[in-house]
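**Student:** Below is a structure I'd like to ask you about.
The values are calculated or read from the model by the stated rules, or taken from the named source; none is laboratory data. Predicted model only: the values in this text are computed from it and were never measured. Methodologically, a virtual Cβ is constructed for each residue, glycine included, from the backbone with ideal geometry; neighbour enumeration extends over all protein chains shown.
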Amino acid sequence: MFSASETMDGLLFFCYINGMISALATVYRHPLLTASDLETIFNAHTPVIFKKGDFLLQKGRIANAYYCVETGLIRSYVYDYDGNDITTGFIGKNEISIDVVSLFTRVPSVEYFQALTDCKCYMIELEKFQELYHSIKGLNEWGRAWMSESLFALKQRTTAMITESASERYRSLEAQHPQILQQAPLKYIASYLGVTDSSLSRIRKELCKGA
């Protein structure tokens with residue numbers, strides 16, 4: 001057993017010898033979380049399997065948990081005022097599927113979260129997370145760091161939608177999130193990039209010619 005002073009590097013080995021899931025080790029990597037802290041956090045999660053097409057959360061419902069994704073791809077989306085299905089995000093391996101606003105302010109979600117593939121996830125309920133958040137100091141810091149990174153990523157995406165061309169946005173997605181291109185239907189990728197299906201097909205053909 002590791003002592004409370006040991007950090008994430010030791011925990012990686014601990015996960016390996018105990019058959020524990022690498023997704024949790026990746027998601028909760030933080031220098032202030034000890035092996036003991038992480039074992040407690042990991043044990044608070046419940047494995048959940050979603051089949052392709054299953055909903056993790058639907059519009060109008062209040063989120064009561066979040067999910068760490070081990071395998072598979074999840075899409076978040078909304079319907080615009082014309083009834084068009086618009087992708088707002090993708091959540092893949094070693095990422096967190098969460099509606100922050102719904103979960104922490106206890107209001108109905110305005111988005112849908114749906115499995116695009118079969119997914120294996122680890123779920124932690126809000127009540128359990130809050131209990132750990134108030135009892136494990138390192139989890140406080142992890143939460144702040146995760147939120148900062150999420151806000152930074154959102155700001156980058158918002159800015160890119162205005163300042164970058166569709167081709168540039170596609171290349172960035174290809175470089176940073178290849179799993180999305182491998183597992184998401186093109187129509188969902190197109191709406192996420194803010195282009196039509198035909199425009200995305202043209203962009204892909206042009207990039208292939210230039211490769």
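**Student:** Which one of Asp54, Asp37 is in contact (Cβ under 8 Å) with a residue 40 or more places away in the chain, among the acidic types (Asp, Glu), over 22 Å from Pro178 (Cβ atoms) and touching a helix residue (DSSP H, G or I) at 6+ places or on another chain (Cβ under 7 Å)? Working first, answer last.
**Tutor:** Numbers: Asp54 fails: touching a helix residue (DSSP H, G or I) at 6+ places or on another chain (Cβ under 7 Å).
The conditions single out Asp37.
**Student:** Only one of these conditions is not met by Asn84: (1) surrounded by 15 or more Cβ atoms within 10 Å (Cβ to Cβ); (2) under 19 Å from Tyr188 (Cα atoms); (3) modelled with pLDDT under 95. Which number is it?
**Tutor:** Tallying (1) surrounded by 15 or more Cβ atoms within 10 Å (Cβ to Cβ); (2) under 19 Å from Tyr188 (Cα atoms); (3) modelled with pLDDT under 95, Asn84 fails exactly one: (1).
**Student:** While we're here: Quick check on the stretch 61-112: of everything there that is charged (D, E, K, R) and part of a strand (DSSP E or B), which residue is farthest from Val48 (Cα to Cα)? Full working, then the answer.
**Tutor:** Of the stretch 61-112, the ones charged (D, E, K, R) are 61, 70, 75, 80, 82, 85, 93, 95, 99, 106, 111.
This time we only want the ones that are part of a strand (DSSP E or B), so: 70, 75, 85.
Numbers: Glu70: 10, Arg75: 17, Asp85: 26 Å.
Going through the qualifying residues, I end up with Asp85.
**Student:** Looking at the stretch 183-206, can you tell me whether even one residue there is under 24 Å from Thr117 (Cβ atoms), part of a helix (DSSP H, G or I), basic (Lys, Arg) and in contact (Cβ under 8 Å) with a residue 24 or more places away in the chain?
**Tutor:** Yes, the conditions are met somewhere in the stretch 183-206.
**Student:** Which residues, taken from the stretch 35-70, are at pLDDT below 95 and in contact with a Gly (Cβ under 8 Å, 6 or more places away or on another chain)?
**Tutor:** Passing the criteria: only Ala35.
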